[in-house]
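Accompanying notes for the structure given below.
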Amino acid sequence: MPRKKSKQPPFYKQIKFSTYVIGFLIVCALYLTYRYRHGVQYYLTIIEKSLKGEKLTDEKVTKYDIRNIEIMDQYYLKTFGVDVSHYQGKIDWTKMHTIYHLYPINFAFIRSTMGTSSIDDTFEENWEGAKENNILRGAYHFYRPDENSTLQAQNFIQKVNLEKGDLPPVLDIENLPKNQSMDRLVEGVKNWCKIVEEHYGIKPIIYTSDKYFEDYLQGHFDEHLIWIANYNFWVQEMKGHWDFWQFTEKATIDGVKRYKVDVNIYNGTIDDLEGLTL
């Protein structure tokens, strides 16, 4: 009688388990390389600069740098900019061209004044630096809740001379009042906006944190552009009420040596942004 052929196990059962593991790891590596391709590109740029002996903007690339790049990659059709104050020290505006050598800096908000009488001592230099390097510029006032809103508006107006092509003025409200109610605070913010709008002929932008806006300001400033600060590492998308999103305070940018920089997304094109200017 002829010998009976032994039954071969299915093909997939002939493959060693270790081969499956290696294949899975290769697929994961390919996905992560694609998903974080700009982060990889930034790392390679740092390595290349180091091998050439060039000075790096920052010797250490952090998880925040990688996250920042990925957020901007997700919103690559939008418009990117920075905001600065005296915390950044002396800025070399001739080097303020791109963010991570990947995305153009199209606008800059610059702190001008604080409260009823304080001024940012780097404002004038930054104000001129942005203009000379063809960056759309805007000025912002840091609002102190327990100080007179009219005097705060006058402080801003006396310091900031907006020109045709400048972005609308910005009111930065972050702190809670200690000596008045939230209702009075909202009245004060509205008064500041009213005075500033009458002077410049354009509605101010409101800047605050996501939680502050939703808890205290939402519904009171529907006619204003809203600029939200939300640095949550896991937040990947803008909400419907965000016209600007300050998504990080930890960006590394050429031209700034002293401190990390805030980076913002405007929810529109550069043409849309230019349409907001005076």
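Key figures for this structure:
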| quantity | calculated |
| --- | --- |
| Members of the stretch 62-91 that are hydrophobic (A, V, I, L, M, F, W, C) and either under 12 Å from N126 (Cα atoms) or touching a residue at least 40 places away in the same chain (Cβ under 8 Å) (or both) | I71, M72, L77, F80, V82, V84, I91 |
| Strands (runs of 3 or more DSSP E) completely within the stretch 178-260 that count 3 or more residues being on the phi < 0 side of the Ramachandran plot and of a type in the set (A, V, I, L, M, F, W, C) | 226-229, 244-251 |
| Among residues of the stretch 74-85, those that are modelled with pLDDT under 95 and under 22 Å from D172 (Cβ atoms), counted | 0 |
| Check on R137, open to solvent by less than 80 Å² (accessible area, probe 1.4 Å), among the basic types (K, R) and not in a loop (DSSP other than H, G, I, E, B) | yes |
| Criterion violated by R144 - all others in (1) open to solvent by less than 50 Å² (accessible area, probe 1.4 Å); (2) over 18 Å from L225 (Cα atoms); (3) touching a strand residue (DSSP E or B) at 6+ places or on another chain (Cβ under 9 Å) satisfied | (1) |
| Filtered residue count, the stretch 151-177, keeping only those that are at negative phi, in contact (Cβ under 8 Å) with a residue 60 or more places away in the chain and exposed (fewer than 13 other Cβ atoms within 10 Å of the Cβ) | 2 |
| Index of the failed condition, L77 passing every other in (1) touching a Phe, Trp or Tyr at 6+ places or on another chain (Cβ under 9 Å); (2) surrounded by fewer than 19 Cβ atoms within 10 Å (Cβ to Cβ); (3) among the aliphatic types (A, V, I, L, M) | (1) |
| The stretch 113-134: number of residues that are assigned to a strand (DSSP E or B), among the polar types (S, T, N, Q) and surrounded by fewer than 24 Cβ atoms within 10 Å (Cβ to Cβ) | 1 |
| Residues located in the stretch 193-207, provided they are crowded, with 20+ Cβ neighbours inside 10 Å and farther than 17 Å from Q218 by Cα | V196 |
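The values are calculated or read from the model by the stated rules, or taken from the named source; none is laboratory data. This structure is a prediction, so every number in the text was calculated from the model and none was measured. All Cβ positions, glycine included, derive from the backbone under ideal geometry; neighbour counts span all protein chains shown. Heads up: the accessible areas ignore ligands, DNA and RNA and are worked out on the full protein's heavy atoms, side chains in. Shrake-Rupley method; radii C 1.70, N 1.55, O 1.52, S 1.80 Å.
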